[in-house]
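Here the structure is laid out as structure tokens; the discussion comes afterwards.
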Amino acid sequence: MSKKYAPVKKNDQFEADIIDLTYQGMGVAKIEDFPVFVANAIPGEKVRVGVTKVASSYAFGRVVKLLQESPDRNNDIDNTVITTGIAPLANLKYPAQLKYKQTQIEQLLKKQHIDATVAETLGMENPVGYRNKAQVPVREIKGQLETGFYRRNSHNLVPIEDYFIQDPEIDKALVVIRDILRKYHLSAYDENEHRGVLRTVMVRRGYYSHEMMVVLVTRSKKLPMDTVVVDEIRKALPEVKSIVQNVNPDKTNVIMGETNNVLWGNKVIFDTLLGLKFAIGPNSFYQVNPQTTEKLYTLAAEKADLKGDEIVIDAYSGIGTISLTIAKHVKQVYGVEIVPGAVDDAKRNADMNGIKNTKFVLGKAEEQMVKWAAEGLKPDVIFVDPPRKGLTPELIEAATTMQPKKIVYVSCNPATLARDLDEFILAGYHIDGPVQPVDQFPQTTHIESITVLVKD
Ligand code: SAH
């Protein structure tokens with residue numbers, strides 16, 4: 001892209017219409033074709049923008065004055081959920097959020113010249129308090145240990161007690177844990193000095209089981225006062241079934257370290273999904289919105305149109321949630337997953353549910369798929385549910401070489417989805433039916449969807 005002359009400078013103010021919303025949920029204003037990304041401004045609004053930062057081909061701005069409000073604006077929220085990025089889309093009313101997600105996918109597909117329709121986003125009836133997992137940084141502010149969330153694009157902690165999209169029982173537990181840490185004068189991690197003990201508190205709660213896991217992520221190997229801290233957490237929070245210390249000694253933004261010490265209780269908690277029981281360990285991925293996950297997997301299975309005699313691959317299988325929910329509809333499922341603890345959980349989950357036709361392999365999906373292809377495995381259906389970075393060309397090649405009739409792509413990032421769909425189309429597959437967005441992450445900019453690919 002040619003380098004544009006910036007028609008604005010820092011601290012300038014101007015009036016503009018907001019014409020679009022970025023993937024990060026920022027309003028877009030244009031001044032002489034030069035985009036200015038404005039926090040907390042939504043399409044259809046007219047605002048006085050104050051320029052906060054100028055780069056060579058775009059600038060950032062803030063709303064100095066809202067001159068004309070969009071009917072889609074939701075004024076019924078606490079602003080910290082926007083400024084911290086907990087719920088960056090909460091300034092949009094929910095129907096507008098669902099529309100936004102559908103449109104985002106449409107635009108990304110169009111950019112790749114992919115001809116496909118996108119269905120209306122399936123939303124939640126009550127799109128708040130849904131997250132079954134919290135991961136909150138612990139820092140010291142004015143001499144006091146605080147838990148909360150970072151201000152957007154920074155590492156400055158904003159103390160918070162109501163996280164809006166988390167299970168309210170998790171929010172309550174976080175306050176209780178914070179107060180116990182304060183009571184025993186445990187020190188908070190200091191990122192600049194790489195000092196202090198408590199880095200992060202993670203809490204997970206089973207939606208059906210109400211079992212809670214508390215993970216205290218520490219910089220130091222030792223957690224001072226561990227016995228009393230554990231005792232108090234147990235007494236105050238009877239739902240807690242597992243208390244784990246995770247040690248992360250590194251100077252890093254990665255939240256969890258490699259070592260887990262179970263301080264009390266079980267190594268895992270249990271929850272139910274589509275009638276199956278799952279063990280969930282501290283390092284395992286587990287969908288954060290159990291209510292819509294059930295819809296997502298039911299739909300994915302329906303779209304795969306399973307008849308009972310299929311060989312299926314579940315790439316990126318996690319703790320086996322997709323594999324195990326489809327196992328009873330097929331002959332054999334092969335799963336591959338990169339996190340060792342998750343593979344252990346998946347095997348145990350198969351046993352626990354009496355499911356005998358699954359096989360879980362530890363490895364990189366992109367390597368294992370090539371191996372399976374070389375071994376002559378002939379799956380009828382392949383499910384892929386990759387992390388945000390999507391698939392690799394090797395994986396797509398391996399998958400298409402095996403010539404499955406169907407590939408069901410569950411995506412949490414429409415940008416990489418569009419890129420990958422293009423590759424599948426080149427390799428002789430076409431999109432069958434509309435792309436179906438399912439709102440796994442209400443109030444946030446994250447977009448989950450299901451796409452079915454069928455061999456030409
Ligand atoms: N299908 C599962 C997990 C989806 S999340 C569910 O819905 O619960 C994506 C999973 O891919 C995570 O478990 C992550 O650990 C795993 N993963 C990430 N990179 C991988 C890779 N290169 N190969 C295999 N698995 C990978």
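The values are calculated or read from the model by the stated rules, or taken from the named source; none is laboratory data. Given the structure is predicted, the values throughout are model-derived calculations rather than measurements. Here the Cβ positions follow ideal geometry from the backbone for every residue, glycine too, while neighbour counts run over all protein chains shown. Surface accessibility is based on the protein's heavy atoms, side chains included, excluding ligands, DNA and RNA. Shrake-Rupley method; radii C 1.70, N 1.55, O 1.52, S 1.80 Å.
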All lysines inside 20 Å of LYS241 as judged from Cα atoms, apart from same-chain residues fewer than 8 positions distant: LYS133, LYS172, LYS267, LYS277
Net +/- balance of residues flanking ASN248 in space, Cβ distance below 9 Å, scoring K and R +1, D and E -1: 0
Gain on full stretching of the segment that runs from GLU394 to MET352 - 0.36 nm per residue minus C-alpha separation: 11.7 nm
For the chain, calculated [θ]222 nm from helices alone, where every DSSP H run of n ≥ 4 adds -39500 (n - 2.57): -8000 deg cm²/dmol
From phi via Karplus (6.51, -1.76, 1.60), per-residue ³J(HN,Hα) for region 306-314 in Hz, x at Gly/Pro: 7, 10, x, 10, 7, 9, 10, 10, 10
Distant-in-sequence amide H partners of TYR150 (H built 1.01 Å from N, under 5 Å): VAL158
Radius 14 Å from Cβ of ALA304, net charge of other residues (Lys, Arg +1; Asp, Glu -1): -1
Nearby lysines by direct alpha-carbon distance to LYS405 (threshold 17 angstrom, same-chain neighbours under 8 apart not counted): LYS303, LYS307, LYS331, LYS378, LYS455
Rounded percent of accessible protein surface that carbon and sulfur make up, the chain, 1.4 Å probe: 50 percent
Net charge of Cβ neighbours under 13 Å - reference TRP264; Lys, Arg +1; Asp, Glu -1: +1
Nonlocal amide H pairs with THR445, under 5 Å, H built at 1.01 Å: LEU89
Amide H contacts under 5 Å for THR358, placed H, 5+ residues apart: VAL333
Per-residue HN-Hα couplings for region 165-180 [Karplus 6.51, -1.76, 1.60; θ = phi - 60°; Hz; x = Gly/Pro]: 9, 8, 3, x, 5, 5, 4, 4, 4, 4, 5, 4, 5, 4, 5, 5
Additional length obtainable on full extension of the chain from GLU161 to LYS235, 0.36 nm per residue less Cα span: 24.6 nm
Linear extension gain, ARG62 paired with ASP456, 0.36 nm per residue minus alpha-carbon span: 136.9 nm
Residues in region 391-405 that a label on ASP432 would reach, taking backbone N under 13 Å of a point 7 Å out along Cα→Cβ: 404-405
Lysines whose Cα lies under 25 Å from that of LYS30, excluding same-chain neighbours fewer than 8 positions away: LYS3, LYS4, LYS9, LYS10, LYS46, LYS53, LYS65, LYS93, LYS99, LYS101, LYS110, LYS111
